[in-house]
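Values quoted throughout were computed directly from the atomic coordinates according to the rules given, and no laboratory measurement underlies them. As the structure is a prediction and not an experimental result, all values here were calculated from the model. A quick note on method: Cβ atoms are made from the backbone with ideal geometry, for glycine too, and the neighbour counts reach across all protein chains shown.
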Amino acid sequence: MNDTHGGLPTYNFTRRNLMRMAAVAGLGAASLSFLPKVAVAQSSAPQPSEDLIAAAKTEGTLTFYHTTAIDPTAVWTSAFTKKYGITTQNVRGPSYPLFERWLTEERVGQHVADVVQITDTVLIESAHDEKLIADYTPASAAGIRPEMKKEGVWYTAFVNAMGIAWNSKLVSPEEEKLIREGGWNVLTDPRWKGRIATGTPASGGSSYSYVYMFLGGKRDQFGPDFLAKMAALKPQVYDSKSPMYDRLAAGEHAIVDQASQSDMGGFYLKGAPIRWVFPTPTPANLTVQTISAGAPHPNAARLFQDWAMSQEGQAAWFSVAGVSSAREDTVDPRKAAKADWYKEDWYKDPENLYIDYLGDPGYVDPAKPIIAEWNQLFGR
Amino acid sequence: MHKIPVGLVRRKRQRLALPVILGLVLAVLVLLPIVLMFLGAVRTGTFVDPRAHFSLRSVIAVYATMPYLKTLIVTIGASLAVSFLACFIGIALAWLISRTDIPAKAWMENAVIAPLYLSPFVGALAWLILGSPNAGLINVLAREVFGVTGYAINVMTATGVILVMALYNIPYAYMTVSAALKGMDPSMEEASYLNGAGVFSTALKVTLPVVRPSIISAFFFVFVLTCGTFSIPAALGGTQAMPFLAIDIYRATATYPVDYARAAAIGTLLFWISLIGVAFYRFASQVATRFVTVTARGFRTRFLKLRSWRLPAIGFILTYVTLAIILPYLALFYVAFTRFTSSNILTASYTLDNFRSVIASVAVRQSIGNTLLVGVISPTFCVLLGIVLAYSIRRLRIRGAGILDYIAMFPIAVPGIVFGTGIFWTYLMTPVYGTVWILVIAFVATYIPYAYRMIDTSIIQIDRSLEEASALCGASHYRTASQITFRLIRPSVLSAWILVFIFSIREISAAIILSSPSNRVLSVMSWDYLEFGNVQNAAIIGILQTVILMAGILVSRFLLRVKLSQSG
């Protein structure tokens, strides 16, 4: 694809992949092939109705269960509050327990959450089957890439690519060259013994999606042998990724995987000696949002979902985190201006995002067998 | 025909009313969450999961498969090691401060108790910053200044985790043993000296046997507390440093697949282990209090002269204070002022932005309010219930006193994270769910054993002849209780209040499970920041908690003239 793609790099739009996406999105494969162009062509953004805005303002507040980092999210939702005067109560939790908690609350009629954000679409669809999710199609969601939504159910707020990050003070120039050019195989290099860290796929949707590429979707290319070699380096395994990034910046580890663009960007802006690279193929993960059927503030929830999926909402997220947008028409202005990490010679956008796994039987299997396999490999 | 006098019937009814009410309160507060834990262990999903059914799968896996049994053995071994270390150092500190002429006693005592003001979880975070093998500040310093190769210390090992856990448990051992030492009539030791025994043989043959029950009770108290701790081993590298049952529980509730049955099954396993510990603790603390020490007679303690041992003794205390307070707070303040955690204090980039953003955060402000609310209400209710229980069981000798006494001690045996889950299910469908009141209920239930035991102990220590004298002088039951008993137990009531206040402000495991937007407290904020935000803000929240704890304790000390170490 070409440079009109803004924040997102080219996809592997093979016919097979498109078919899979179509299966996920519940749309016909034929209509899909030209949808991205349609999205770009949209000029005047659809606005939420006046009635919705008025009803939402009457409710005045909403509760947002989210999985993104606390402070950037607070800044992001405050942009919504500023625009509509509707406050948000943000509750941060790890994907799985947060989702389980919301399920339990809904099942017993303790309605707390209005909008639920999660990094695992499989769980949302099972909740949809249980009729716990409100059907709503935000007008703005027309601009969301087709493979990044399930109409009426969930919509992608952000796309997070994951690569390899290193501490530039703990890595020699030759090693840096190796990391930048060596692809994923660099993770199995014995030189990292005692210097590498990783995260468990059991911690949340993004880590799970990352590991799924190696043990599931691209098993032929990587598979258990690849991870066994990595496990032999005895990496420090984190149950949660934020502390891992902090320890990378501090110099406890020289190199880590599952390095997400949004988190690395944050550390870069603070001046941490962190650099990162996206080997090919680059696993990416969708952070999606849905509206609870029992939302105590249904109108505010819908208005927030509208805003979150709009060009404006997505651009607001860019100002706090460097992830890619789920929209074609929203580009991180820093990229165009060659600002921040975009100016660094070591930085390169991911070239081939691996995202077409959402319909894989192995991925949607609720038993998530690859977690057990990973645990076995890493001696957990 | 026999006619039962009306008065007797009424008295009988009254005698039944109190035990029934107390029994009901404890049943709902304590037993129900524990019963739900056991039920949860044999379900395949949550209680409201339509697909869940009964199954022994989790129980069998936890009780009869190797990984869990191995973890169980390591957990018990490590907890025993922590107890041993904490008690050894705690006893030495208590003896030095209460029996010798060490200078600045009041200051020393405050310093020894000070680690209580730091949440153990934040303390572990501080030690991670100080003592991780590669980037730990101490190790970087050792390498750059002293040319050490490799590392000087490594807290991310089994030894490291045990040492850090011991460090934060020393105050409990100190408080228990120091209270016994202070209550002991020193004339026994004087007699030993007069008969020509030396310092060590007196300490070994006279002092130690008298305070032995309190040492045993401190030992098992620390043991039970350590078994259920997840925050310290979790912060220091999780199971890679050392397998630990409490981490397995946390993992079962926080990582995929979320398996509450497994968490509950591990919880029941820990429950049995802790119950054994509680039985020892209960037995020992009852033996300990068999010695009536609050009598009408007064005594004066003679302090032993340390002479040439003075400096080493001061050095010992200062080393402890450095490791438990000074270094961790330096690490927290350092991190709080940095843009990102750096292992080099010279090249780190400093900023005030973290403080600004934390203070400006609405969520933080709300959680300060919630913390204060929960921190004042929970210990108050807890202590009131403790007084009623202790007085009814010990002085009124109500029916079923023994059973009530046992039930009141149960919560110690349940790890906070499992008890929190039990409370979650107990109150999920009630209006208190999601409010600060569910936290108040959780904390009263969790800490009733401490409040009850401290107050009970001080009631036993009161010579009955004082109350009998009051009764003989014609005072009513109520008047004797209010004028004699409650006056005499006042110091321990207030220390119980302070202890539960400290616990309530620092508690993290149950608070995480019960948290919702309207009841978030600071401990939950610090956990959230570490897990999903940044270490800088977690450190600031930890410091904020300390400020609240110190302010609360200062205020209560000045208002009520009570010392934490006066506890019985």
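Show log10 I(q)/I(0) for the range B:419-512 at q = 0.16 Å⁻¹, two decimals, from a solvent-free Debye sum over equal Cα scatterers. The calculated log intensity ratios at q = 0.16 Å⁻¹ are -0.74.
Listed peptides B:464-475, A:182-193 appear in the order A:182-193, B:464-475 once ranked by packing, highest mean of other Cβ atoms within 10 Å at the front. Which value at 222 nm does chain A reach when only helices count, each DSSP H run of 4 or more adding -39,500 (n - 2.57), with the total divided by all residues and rounded to the nearest 500 deg cm²/dmol? Calculated from helices alone, the mean residue ellipticity at 222 nm is -11000 deg cm²/dmol. In the range B:42-351, Cα pairs under 8 Å separated by at least six residues give a relative contact order of 27 percent. Counting only DSSP beta bridges with both residues in chain A, the antiparallel share comes to about 60 percent.
Estimated from helical segments only, the mean residue ellipticity of chain B at 222 nm is -22000 deg cm²/dmol, where each DSSP H run of four or more residues counts as -39500 (n - 2.57).
Computed over chain A, the percent of Cα pairs more than 41 Å apart is 10.
Every pair of different Cα atoms in the range B:42-351 enters the Kirkwood calculation, which places the hydrodynamic radius at 21.9 Å.
Alpha-carbon geometry of the protein assembly as shown: the Rg and the Dmax are 30.2, 107 Å, given in that order.
Each Cα pair under 8 Å and six or more residues apart adds its separation to the average, and for chain B the resulting relative contact order is 21 percent.
Cross-link partners for A:K150 among the lysines, with Cα-Cα distance under 25 Å and sequence neighbours closer than 8 places in the same chain left out: A:K37, A:K131, A:K218, A:K368.
Annotation: the antiparallel percentage among DSSP beta bridges lying fully within the protein assembly as shown is about 60. Distances over 23 Å make up what percent of all Cα-Cα pairs in the range B:359-460? For the range B:359-460, the fraction of Cα-Cα distances above 23 Å is 37 percent. For the protein assembly as shown, the residue among B:L93, B:Q536, B:T457 whose Cα projects farthest onto the positive side of the dipole built from Cβ charges is B:T457. Relative intensity of the range A:242-313 on a log10 scale, I(q)/I(0) at q = 0.15, 0.16, 0.20 Å⁻¹, equals -0.71, -0.75, -0.86, per a Debye sum over C-alpha point scatterers of equal strength in the absence of solvent.
Between the alpha-carbon centres of the range B:481-517 and the range A:149-212 there is a gap of 46 Å. List the aspartates and glutamates whose Cα sits under 15 Å from the Cα of A:K193, skipping any in the same chain fewer than 8 residues away. Cα-Cα hits under 15 Å: A:E175, A:E252, A:D257.
Three semi-axes describe the equivalent ellipsoid of chain B; taken as square roots of 5 times the Cα gyration tensor eigenvalues and ordered largest first, they are 38, 33, 23 Å. If the viscosity is 1.567 mPa s and the temperature 4 °C, what Stokes-Einstein diffusion coefficient in µm²/s follows for the range A:141-230 when Rh is the Kirkwood radius over Cα pairs? Estimated diffusion coefficient is 83 µm²/s.
Each of A:Y357, B:L311, A:N299 was scored by the projection of its Cα onto the charge dipole of the protein assembly as shown, and the greatest displacement toward the positive side belongs to B:L311; charges sit on the C-beta of Lys, Arg, Asp and Glu. For chain A, modelled as a GNM whose springs connect Cα atoms under 10 angstrom apart, the maximal fluctuation among A:T104, A:T198, A:T73 occurs at A:T104. Percent of alpha carbon pairs in the range B:299-408 separated by more than 18 Å? Roughly 77 percent, rounded to a whole number. Between the alpha-carbon centres of the range A:222-243 and the range B:31-78 there is a gap of 28 Å.
Restricting attention to the range B:42-351, lysine pairs at least eight places apart or on different chains and with alpha-carbon atoms under 24 angstrom apart total 5.
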